Structures are given as C-alpha cells and as structure tokens.
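The values are calculated or read from the model by the stated rules, or taken from the named source; none is laboratory data. Note that the structure is a prediction, hence the values are computed from the model and not measured. Neighbour counts are summed over all protein chains in view; Cβ atoms, including those assigned to glycine, are modelled from backbone coordinates with ideal geometry. The protein model used for the area step is the full one, side chains on, heavy atoms only, and it has no ligands, DNA or RNA in it. Shrake-Rupley method; radii C 1.70, N 1.55, O 1.52, S 1.80 Å.
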Amino acid sequence: MMRDTASLLIEALPYIRHFSGKTIVIKYGGHAMKDEALKESFAKDVVLMKYIGIHPVVVHGGGPQIGRMLDRVGKKSDFRAGMRVTDQDTMDVVEMVLAGKVNKEIVAFINRHGGRAIGLSGKDGQLIEARKMHIYRYQGDDQPPEIIDIGLVGEVQRINAEILKVLEQSRVIPVIAPVGVGTDGETYNINADLVAGKVASALNAEKLILMTDVPGVLDRSGELISTMTASEAADLMQDETLKGGMIPKVQCAIDAVQAGVHKVAIVDGRIPHCVLLELFTDSGIGTEIVGTRTRRGGRERTHA
Ligand SMILES: Nc1ncnc2c1ncn2[C@@H]1O[C@H](COP(=O)(O)OP(=O)(O)O)[C@@H](O)[C@H]1O
Ligand SMILES: CC(=O)N[C@@H](CCC(=O)OP(=O)(O)O)C(=O)O
C-alpha cells in the first residue's frame, strides 16, 4: 500500500532523533550505481542525512566499472573468494577507476544535490594503511592449508581516522575509495566492504549499511533472512550458504559488530532511497546483523 508523507514522517521522527549526531558508514556498491535515477536517490539520501545532523561517511566500490575497463584493455577479471586477483597492471586500472573516475563521479553527484562532498583514497592523509592479504584453502585435517597468492590485494592494517573526525564536525561528507597504502608506499586493492567495516569500527559508527544487488542475505531456499546475530552469520559462512562476494560482506559485518558497531544492514541498492528506508522505517529493509537478538523472530527495531 502507498504510504502518505505524513505517516512516513511520523514513523521516521524517533529514528531521526536517535541517529542525530551519530556516524553512519555507507558502503555504496558498484552494482547500485547502475543508473542515473539510483545515483540521484543515493546522493539525496546522504545530503538529507547530513542536513538533519547525522554524519554519513561513504565508502564506495566499483567492481563492475573496473571489470569493464579491464575488458577494454584486454585483461580478464579473475576472483578468488570474492577478491579480484590483482597484478601490477590490474592495480593501475583499479586505482584509476576507483580513485579517479568512480570517486569523483560520486562526489560530483552529492555536490550537485546540495551536499559538500570531498573524495579521498586510502593514500590521502594515510587514511588506509594496508598489507598484503593471503587467502588459504583448506586441504583436509592432515594437510597444511594451501596459500593462494592473489597479488596486490590488501587487507586493512589501520585506519587513520583523524581526518574523518575533523570532517564530521563540518558540512563535509567524506567519500572514500578502497585503495590502501603499504609501509613502503605500495598500492593495494582492497575489497570495499572490508574498508567500510574497518572505517565503521574506527569511527565507532552507530550503523554500517552495505548496499548490494540482492534483497539481502538469502538462506538456502532463497528466502530473505531479515535479522540474524553475528554468530548465526558465522554459521552461514561455515555451511557455505554464502558464496562469492557475500563472503567478505558478511565477514565484515561480523567483524564490525564484534568491534562495537551497533548494527550492520545489508540492503538492496537497486531500491531507490534504500538508505533512508533502512534507517527511518520500523521494518527496515534487507538483512540486519546485530550482536545479540533483541526481539525474537521479527525485524522490529528498538530506538535505543
Ligand atoms: N546466501 C547469499 N545471499 C545473497 N547473495 C549471495 C549469497 N551467496 C552469494 N551471494 C552473491 O553475493 C552477491 C553480492 O556480492 P557482490 O557481488 O560482491 O556485491 P557488491 O558488488 O554489491 O558488493 C550477490 O549478487 C549474490 O550473487
Ligand atoms: C580486492 C577486490 O576485489 N577489490 C575490489 C574493489 C572494488 C569493490 O569492492 O567493488 P564492489 O563493492 O562494487 O564489488 C575489486 O577490485 O573489484
């Protein structure tokens, strides 16, 4: 049923009060940047949040955009456990696409809709210190795990959040590209969900919203899981209900909740205004991951 504006506003007011003065980190995924109308609704959501006293911090992806540019230069995309295998040539393309094209496009969109966004990569202000990531493949109880080299893929070692804390007190909305810097100045390609999780933890964010291209986390029969605890999420990783890009996404949600982020939501970025719908409605949208379940079964949320 179509909701009228007044009833939506009445429902939103306690949430607006609750989130005011708090930090919300939003991971804006490459798939959710598909068309102009979606980009516009995202830009309006973050501008409105800042306007009413919430501190949005945007971390963006750009996997599909990187893939298209690699195609154009004749390079194949190859993923292991949701991570793009990244040699030096791929890294050059990743940095150009993420820190150059995608970052500036989002900044321009937000500013065109009345915001004051500033784009940063992990190199700006040494924001994201990274080191090489290794992934391991289980080979049976009696064998050591196989180490798989995925090149210049990084994991976050430290977020230097001072610059973000300064920006929180201003009109500025930070927009972060997930490119990290190593101790010797190496450039690392980092999964955007992982960066968003670490940024949310470093800022003690009230909520982390991960936008994606599915309704949320789906169970084995394809049904949406509307709420789960971090330990239930860990079980889904174990029993392989989660595959591909959903693995780092849920891992980052678990890590963030364990590091003190109050709630993490995985939402459908193809729905216009999904950020506001998640924040300001009783039912929310997508899958919410919490430390402990507050109410049995339902997705009802408390304001505290
Ligand atoms: N159990 C699951 N529930 C939902 N999506 C899943 C699940 N397992 C794997 N996926 C896949 O994870 C994808 C989301 O991860 P990813 O492609 O990295 O998203 P994004 O680029 O939006 O961050 C979905 O499109 C879906 O194909
Ligand atoms: C290591 C790794 O896989 N990095 C990602 C970074 C971009 C990203 O995460 O983009 P989405 O959120 O849109 O998928 C990549 O190269 O695609």
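When you scan the range 69-87, how many residues do you find that are surrounded by fewer than 19 Cβ atoms within 10 Å (Cβ to Cβ), touching a residue at least 60 places away in the same chain (Cβ under 8 Å) and in contact with a Gly (Cβ under 8 Å, 6 or more places away or on another chain)?
3
If I ask for residues that are within 19 Å of the chain's Cα centre (by Cα) and of a type in the set (Ser, Thr, Tyr), which ones from the range 1-36 would you list?
THR23, TYR28
Would you check which residues across the range 177-206 are under 17 Å from VAL85 (Cβ atoms), out of contact with any Cys (no Cβ under 6 Å at 6 or more places or on another chain) and either within 8 Å of ligand 2 (Cβ to nearest atom) or open to solvent by 10 Å² or more (accessible area, probe 1.4 Å) (or both) and list them?
Those that are under 17 Å from VAL85 (Cβ atoms), out of contact with any Cys (no Cβ under 6 Å at 6 or more places or on another chain) and either within 8 Å of ligand 2 (Cβ to nearest atom) or open to solvent by 10 Å² or more (accessible area, probe 1.4 Å) (or both): PRO178, GLU186, THR187, TYR188, ASN189, ILE190, ASN191, ALA192.
Are there any pairs, at least 6 apart or on different chains, whose C-beta atoms fall under 6 Å, with the first in the range 148-167 and over 25 Å from GLN88 (Cα atoms) and the second crowded, with 19+ Cβ neighbours inside 10 Å and hydroxyl-bearing (Ser, Thr, Tyr), and if so, which?
That search, which allows pairs on different chains as well, returns nothing.
All but one of (1) of a type in the set (D, E, K, R); (2) open to solvent by 60 Å² or more (accessible area, probe 1.4 Å); (3) at pLDDT 95 or above hold for ASP239; which doesn't?
(3)
Regarding ARG171, is this residue away from ligand 1 (no atom under 11 Å from the Cβ), touching a residue at least 40 places away in the same chain (Cβ under 8 Å) and loosely packed, with under 13 Cβ neighbours inside 10 Å?
Criteria met by ARG171.
Under the condition of being within 16 Å of ligand 2 (Cβ to nearest atom) and modelled with pLDDT of 95 or more, which residue from the range 19-35 is surrounded by the most Cβ atoms within 10 Å (Cβ to Cβ)?
LYS27
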